[in-house]
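Below: one structure, written as structure tokens.
The values are calculated or read from the model by the stated rules, or taken from the named source; none is laboratory data. Owing to the predicted nature of the structure, the values given are computational and were not obtained by experimental measurement. We place every Cβ from the backbone using ideal geometry, glycine too, and count neighbours over all the protein chains shown.
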Amino acid sequence: MATHCINLSKFFKITRFLHQSKQHRVKSFASSAPTSEARHLEALTVLLHRTCSLKCLRTLHARLAVAGAIRDTSVVMGLVERYLSLGKPAPAASFFAEAYHGRPTVYSLNLAVRCFSDHEFHRELLDLYRELCAFGSDNFTFPPVIKACTAVSCLRLGREVHCRVLRTGHGGNVGVQTALLDMYAKAGQIDVSRRVFDGMVQRDLISWNAMVSGYSLNGCFKEAVEALQEMQQGGMRLNASTLVGIIGMCGSVEAKDAGSSLHALAMKYGAIADESLTSAFISMYSAFDDLSSSRLVFDLQPVKDLVSFNSMISAYMQHSNWKEAFKVFRLMHCAGLGPNPVTVVSVLPSCNDFFGINQGKSVHGMIIKFGLAEQVSVASALVSMYSKLGKLDSAVLLFCCFTTKNNLMWNSMISGYLVNNDWDMALDSFCKMQIKGVAPDATAIINVISGCRHTKDLYMAKSIHAYAVRNRFESNQSVMNTLLATYAGCGNISTSYTLFQKMEVRMLISWNTMISGFAEVGDSEASLMLFCQMCHEEVQFDLVTLIGVISSLSASENATVGESVHSLAIKSGCNSDVSLTNALITMYTNCGIVGAGQQLFDSCCFANTITYNALMSGYRKNNVSEKILPLFYQMVKNDVKPNLVTLLNLLPVCRSQLQGKSIHSYAVRNFTRFETPLSTSAMGMYSRFDNVEYCSKIFSLVGERNIISWNAFLSACVQCKQADVVVDFFKHMLFINVKPDAVTILALISACSQLGDADFAACVTAVIFQRGFNAKVLVLNALIDMHSRCGSISFARELFDSSVEKDSVTWGAMINAYSMHGNGEAALDLFSTMIDSGVDPDDITFVSVLSACSHSGFVEQGRTLFKSLQADYGITPRMEHYACMVDLLGRTGHLDEAYDIVRSMPSRPSDNLLESLLGACRFHGNSKIGESVGKLLIESEHGKSRSYVMLSNIYASAGKWSDCEELRSDMEAKGLRKDVGVSLIGMT
């Protein structure tokens with residue numbers, strides 16, 4: 001304060017002089033006015049320009065008011081400027097209005113507007129202009145006002161100002177027209193901007209630069225180049241400002257030839273030495289992935305300034321080349337240039353992604369050494385770095401110790417909480433910043449809305465939306481696009497679409513958000529409709545658009561349209577992108593065209609982890625599991641690192657427990673956090689090999705057990721026939737207040753079915769009814785099956801009759817119940833009732849009814865049903881259907897017909913099917929067919945001893961003792977032994 005603010009004693013001496021001279025000012029004005037006025041203005045100049053605290057400024061303001069010195073425009077504007085420099089726009093605007101009694105001159109208003117604009121208080125400027133614009137405006141008023149409309153993205157007010165410009169006859173002023181075309185260009189309405197430009201009678205270099213920059217900003221590269229050529233043809237000499245925007249665009253559209261031409265053009269016009277152009281060319285070549293050219297531009301600059309160093313560091317950082325970035329940083333240090341905030345902010349992200357906390361602390365120490373720690377941008381970057389490294393306490397401490405917190409600082413802290421999944425503290429910070437008098441900006445609102453999307457908090461999203469509308473953020477494109485994504489992510493796609501329709505300007509990201517949103521909810525028709533509408537409105541799609549459309553087609557399994565979109569991607573040159581290839585592989589495999597997915601994979605030059613995962617998932621979906629493990633070996637061989645999704649694809653297809661253990665071990669070694677999906681998948685894998693001990697160990701190691709973990713463990717116990725364990729753990733769940741869901745209840749019902757205890761089944765049913773799970777069709781179907789397996793066929797029928805909604809599974813469960821109890825007639829009657837009620841049977845229902853026919857010996861009915869399976873219902877017979885028919889025909893002595901079915905099967909018959917037919921041949925004494933069937937059995941890779949014994953008995957019954965002896969010798973050679981008989985009756 002002592003070095004920057006005026007001494008208080010001197011301050012009071014000057015103000016007392018002003019007060020004492022007030023009573024003599026009128027009398028002595030004629031003779032001593034020049035001297036008194038000069039001393040007065042000198043005192044004001046000293047005070048106003050050296051006052052750096054709000055307290056001193058308010059005291060000075062009061063003394064000047066008492067002394068009657070607030071009459072001169074320079075005094076008024078001096079006070080306004082000081083209030084603004086101290087970050088107090090409200091007192092500045094209030095004082096300005098009071099000084100002129102609410103009726104300022106146009107000259108005074110222009111000074112005030114310019115002052116507010118220079119200090120970037122754009123919203124306050126617009127409020128002041130709304131209040132005082134009735135007292136006149138001229139060519140000097142409108143440009144800052146229009147610039148403010150542009151800065152706050154308030155296109156509606158900008159249009160009103162445009163109308164006022166035309167009404168007051170200032171529409172022909174070059175400065176006003178340039179500000180207007182810049183506003184429309186930055187609002188995305190480049191066609192309106194061009195109409196303003198075409199209406200200009202006189203165009204200066206600034207106007208041309210604004211038009212070229214507008215085209216560049218809106219992605220109109222071709223139009224920007226044409227404007228540049230038109231500018232040259234008009235004899236206008238280019239400068240660095242002309243080229244900066246279009247050079248930056250060359251990188252985004254990958255126009256390397258055009259970029260090289262612009263480089264030559266800059267050299268021709270002598271603009272290459274400009275610092276901004278050097279930085280732009282470094283960034284442009286970096287965007288071309290040509291860091292060598294970026295470095296060449298940097299090295300050829302004779303005198304390298306800090307901006308050049310920062311650009312080169314940033315180029316390396318964007319390509320994750322942390323080491324080279326630090327080499328340039330050290331080179332800068334050797335050149336005697338100290339870092340500035342831009343340098344530090346560019347370097348700090350490397351600590352997040354590469355070097356780690358130790359390097360971050362070193363950079364923090366360097367920041368303190370160079371006196372940059374008090375810079376808001378630097379402190380914000382440090383808060384962000386510590387947050388991303390998981391050191392949230394350090395970030396909070398740094399944030400709390402920083403005295404002057406602006407939007408950037410608050411935004412970094414809010415983002416830090418969100419990165420660490422502390423949603424409550426993020427929202428609390430959002431509220432506190434308002435209490436502290438810091439109005440949230442678009443970034444803060446976007447952060448909080450994004451948090452709502454992550455937590456699926458639709459209610460809070462609507463509240464933030466209301467806040468954004470109240471504070472006039474509805475015209476901000478980024479805020480609106482984030483709201484679109486949040487509503488879609490929270491499952492409220494209808495609200496998202498309504499908001500989309502109300503948007504005045506729909507940018508490409510808005511279209512992409514909606515297309516992807518509909519794709520996520522599986523509405524492919526809406527995604528395609530929006531894509532067609534987008535093309536109709538001549539909005540150029542990009543890679544993200546195509547991925548969104550293809551993703552929607554993956555869900556709908558629409559291969560025909562998918563092939564069309566694939567062709568469009570090839571025509572547009574986007575097909576070489578690996579992300580699009582991944583989406584196409586998923587789409588084709590989801591549609592059942594595995595060959596196309598394989599072909600795309602083979603043609604992909606840069607297959608990444610997601611590419612491998614996409615093909616693995618496709619193999620699993622299409623039951624080509626035997627190709628998954630070879631693909632995994634290829635993945636490891638090509639040094640592509642597996643992730644969680646990879647392991648989730650591998651665990652279900654392990655052929656042995658040893659393979660499963662290997663994958664499980666890899667996960668333990670390489671993943672710091674054992675995610676819930678991986679735990680549940682590992683339990684499922686071990687349960688397939690009846691290893692309930694390992695399932696229990698994995699479950700005990702799960703830290704925070706959610707209902708998914710409980711369900712996985714209970715299902716594993718059911719798979720391993722550990723029904724008692726399921727019941728015990730279900731009781732424990734209820735004891736510790738873990739709320740079961742439908743999956744839990746289904747596991748409990750399966751366990752009860754294994755126990756076969758009718759009384760216990762009744763108790764379980766009572767619990768289910770008490771908790772209201774009986775309303776779910778899945779649960780009711782399982783209850784019907786459970787009671788039938790426990791012998792309560794009558795109660796199962798009561799449950800069936802009480803069911804309001806019966807699906808095909810409900811009918812099938814009751815039909816299967818009659819089948820298990822040998823009541824084939826009741827099963828057939830119920831099947832007929834099912835058909836009459838309009839419910840189409842599925843393949844499982846046919847297995848149940850064919851099994852009922854087999855148990856009851858209904859040959860004709862079985863034949864009729866088997867024929868109608870494919871003819872009437874389009875169901876391709878599975879192994880289970882063939883097994884039922886062979887069993888039916890074998891039981892009833894129709895062995896020739898049964899054998900004909902075996903020979904006509906499209907795939908090799910299962911061992912169980914062949915054993916069933918072999919047993920029927922032995923029972924009916926048909927050694928000829930029995931011998932043929934027996935040979936099929938013993939030729940199997942998994943030949944069993946009982947197959948040999950059954951065939952041997954057939955040979956013995958037919959008197960073929962030599963064949964019988966040969967078969968027994970073959971059995972001994974293979975090390976097979978006859979199973980020892982066991983009595984099921986206990987002796988006491």
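With the structure loaded, tell me whether S450 is over 22 Å from C351 (Cα atoms), within 25 Å of the chain's Cα centre (by Cα) and part of a helix (DSSP H, G or I) or whether it fails that test. Spell out the reasoning first.
Details: over 22 Å from C351 (Cα atoms): yes; within 25 Å of the chain's Cα centre (by Cα): yes; part of a helix (DSSP H, G or I): yes.
So S450 fits the description; yes.
For the range 751-763, give me the residue count where each residue is surrounded by 21 or more Cβ atoms within 10 Å (Cβ to Cβ) and over 10 Å from C790 (Cβ atoms).
Here the count works out to 1.
Right, S283: within 36 Å of the chain's Cα centre (by Cα), among the hydroxyl-bearing types (S, T, Y) and modelled with pLDDT of 75 or more or not?
Answer is yes for this residue.
So is D896 in contact (Cβ under 8 Å) with a residue 24 or more places away in the chain, farther than 30 Å from N774 by Cα and of a type in the set (D, E) or not? Talk me through it step by step, then tell me what you get.
On the way: in contact (Cβ under 8 Å) with a residue 24 or more places away in the chain: yes; farther than 30 Å from N774 by Cα: yes; of a type in the set (D, E): yes.
In short, yes.
Any residue at all in the range 438-445 that's under 30 Å from A555 (Cα atoms), assigned to a helix (DSSP H, G or I) and touching a Phe, Trp or Tyr at 6+ places or on another chain (Cβ under 9 Å)?
No: the range 438-445 contains no residue that is under 30 Å from A555 (Cα atoms), assigned to a helix (DSSP H, G or I) and touching a Phe, Trp or Tyr at 6+ places or on another chain (Cβ under 9 Å).
Confirm whether E160 is assigned to a helix (DSSP H, G or I) and under 20 Å from F96 (Cβ atoms). Working first, answer last.
On the way: assigned to a helix (DSSP H, G or I): yes; under 20 Å from F96 (Cβ atoms): no.
Here the answer is no, as E160 does not meet what is asked.
So that you can scan it fast, the table gives a plain yes or no per residue for (1) of a type in the set (K, R); (2) outside any helix (DSSP H, G or I); (3) in contact (Cβ under 8 Å) with a residue 60 or more places away in the chain:
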| position | (1), (2), (3) |
| --- | --- |
| G87 | no, yes, no |
| A90 | no, no, no |
| R103 | yes, yes, no |
| F116 | no, no, no |
| D127 | no, no, no |
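Taking the range 902-930, which residues are more than 26 Å from T876 (Cβ to Cβ) and in contact with a Lys or Arg (Cβ under 8 Å, 6 or more places away or on another chain)?
S927, G930
Mind checking whether some residue in the range 566-579 is farther than 27 Å from C654 by Cα, aliphatic (A, V, I, L, M), buried (at least 18 other Cβ atoms within 10 Å of the Cβ) and out of contact with any Gly (no Cβ under 8 Å at 6 or more places or on another chain)?
Checked against the condition, which is being farther than 27 Å from C654 by Cα, aliphatic (A, V, I, L, M), buried (at least 18 other Cβ atoms within 10 Å of the Cβ) and out of contact with any Gly (no Cβ under 8 Å at 6 or more places or on another chain), the range 566-579 yields at least one hit.
Test each condition in (1) surrounded by 21 or more Cβ atoms within 10 Å (Cβ to Cβ); (2) modelled with pLDDT of 85 or more; (3) not aromatic (F, W, Y) for R164 and report the one that comes out false.
(1)
Testing T560 on (1) more than 23 Å from the chain's Cα centre (by Cα); (2) of a type in the set (V, I, T); (3) buried (at least 18 other Cβ atoms within 10 Å of the Cβ), one condition comes back false. Which one is that?
So T560 meets the others, but not (3).
Of all residues in the range 822-843, how many are surrounded by fewer than 17 Cβ atoms within 10 Å (Cβ to Cβ), within 20 Å of G791 (Cα to Cα) and either acidic (D, E) or under 50 Å from the mean Cα position of the chain (by Cα) (or both)?
Residues that pass the stated criteria total 1.
For the range 891-977, give me every one of the helices (runs of 4 or more DSSP H) that falls completely inside it and has 3 or more residues that are surrounded by 16 or more Cβ atoms within 10 Å (Cβ to Cβ) and modelled with pLDDT of 80 or more. Talk me through it step by step, then tell me what you get.
Details: elements: 895-904, 911-924, 927-938, 945-957, 961-973.
Of the helices (runs of 4 or more DSSP H) lying wholly inside the range 891-977, those with at least 3 residues that are surrounded by 16 or more Cβ atoms within 10 Å (Cβ to Cβ) and modelled with pLDDT of 80 or more span 895-904, 911-924.
Condition check ((1) assigned to a loop (DSSP other than H, G, I, E, B); (2) farther than 16 Å from P143 by Cβ; (3) at pLDDT below 80) across all residues:
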| position | (1), (2), (3) |
| --- | --- |
| A185 | no, no, no |
| G219 | yes, yes, yes |
| E223 | no, yes, no |
| G245 | no, yes, yes |
| A258 | no, yes, yes |
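Examine the range 867-874 for a residue that is under 27 Å from I784 (Cα atoms), small (G, A, S) and in a helix (DSSP H, G or I), and state whether such a residue exists.
For the range 867-874, residues under 27 Å from I784 (Cα atoms), small (G, A, S) and in a helix (DSSP H, G or I): present.
Taking into account only those residues within the range 129-142 that are more than 47 Å from the chain's Cα centre (by Cα) and assigned to a helix (DSSP H, G or I), which is surrounded by the most Cβ atoms within 10 Å (Cβ to Cβ)?
The residue in question is F135.
Which one is farthest from I509 (Cα to Cα) among residues in the range 180-238 that are more than 43 Å from the chain's Cα centre (by Cα) and among the small types (G, A, S)?
Here the residue is G235.
Given the criteria closer than 23 Å to Q722 by Cα, of a type outside the set (F, W, Y) and either over 27 Å from the mean Cα position of the chain (by Cα) or surrounded by 20 or more Cβ atoms within 10 Å (Cβ to Cβ) (or both), does R688 qualify? Steps first, please.
Values: closer than 23 Å to Q722 by Cα: yes; of a type outside the set (F, W, Y): yes; either over 27 Å from the mean Cα position of the chain (by Cα) or surrounded by 20 or more Cβ atoms within 10 Å (Cβ to Cβ) (or both): yes.
Against the criterion (closer than 23 Å to Q722 by Cα, of a type outside the set (F, W, Y) and either over 27 Å from the mean Cα position of the chain (by Cα) or surrounded by 20 or more Cβ atoms within 10 Å (Cβ to Cβ) (or both)), R688 qualifies.
Is it true that T646 is surrounded by 23 or more Cβ atoms within 10 Å (Cβ to Cβ) and either at positive phi or of a type in the set (V, I, T) (or both)? Please lay out each step first, then the result.
Values: surrounded by 23 or more Cβ atoms within 10 Å (Cβ to Cβ): yes; either at positive phi or of a type in the set (V, I, T) (or both): yes.
Taking the combined requirement at face value, the residue satisfies it.
Give M236, M231 a once-over and let me know the one that is surrounded by fewer than 23 Cβ atoms within 10 Å (Cβ to Cβ), out of contact with any Pro (no Cβ under 6 Å at 6 or more places or on another chain), in a loop (DSSP other than H, G, I, E, B) and hydrophobic (A, V, I, L, M, F, W, C).
When all the criteria are applied, what remains is M236.
Note down all Cβ pairs under 7 Å where the first residue falls in the range 769-797 and is under 16 Å from A817 (Cβ atoms) and at pLDDT below 90, the second is among the acidic types (D, E) and assigned to a loop (DSSP other than H, G, I, E, B), and they're at least six residues apart or on different chains.
From residues that are under 16 Å from A817 (Cβ atoms) and at pLDDT below 90, the pairs are C790/D757.
Based on what the data block shows, is L631 surrounded by fewer than 22 Cβ atoms within 10 Å (Cβ to Cβ), under 24 Å from V578 (Cβ atoms) and of a type in the set (A, V, I, L, M)?
yes
Specify the residue that is modelled with the highest pLDDT; the eligible residues are those in the range 397-407 that are touching a helix residue (DSSP H, G or I) at 6+ places or on another chain (Cβ under 8 Å), under 19 Å from P440 (Cα atoms) and not polar (S, T, N, Q).
F399
Evaluate the following for V565: is it part of a helix (DSSP H, G or I), out of contact with any Asp or Glu (no Cβ under 8 Å at 6 or more places or on another chain) and under 28 Å from R620 (Cα atoms)?
Spelling it out, V565 is indeed part of a helix (DSSP H, G or I), out of contact with any Asp or Glu (no Cβ under 8 Å at 6 or more places or on another chain) and under 28 Å from R620 (Cα atoms).
Can you list residue pairs whose Cβ atoms sit under 7 Å apart, with the first residue in the range 456-471 being surrounded by fewer than 16 Cβ atoms within 10 Å (Cβ to Cβ) and the second being not aromatic (F, W, Y)? Count only pairs 6 or more apart in sequence or on different chains.
Pairs found: K456/C490.
Return the total of residues in the range 701-737 being surrounded by fewer than 17 Cβ atoms within 10 Å (Cβ to Cβ), among the β-branched types (V, I, T) and not in a helix (DSSP H, G or I).
The total comes to 1.
Quick one: what pairs do we get from the range 329-344, first residue in contact (Cβ under 8 Å) with a residue 12 or more places away in the chain, second part of a helix (DSSP H, G or I) and of a type in the set (S, T, N, Q), C-beta under 7 Å, 6+ apart or different chains?
From the range 329-344, the pairs are P341/S377; V342/N310; T343/N310.
For D182, only one of the following conditions fails: (1) farther than 18 Å from I146 by Cβ; (2) surrounded by 19 or more Cβ atoms within 10 Å (Cβ to Cβ). What is its number?
(1)
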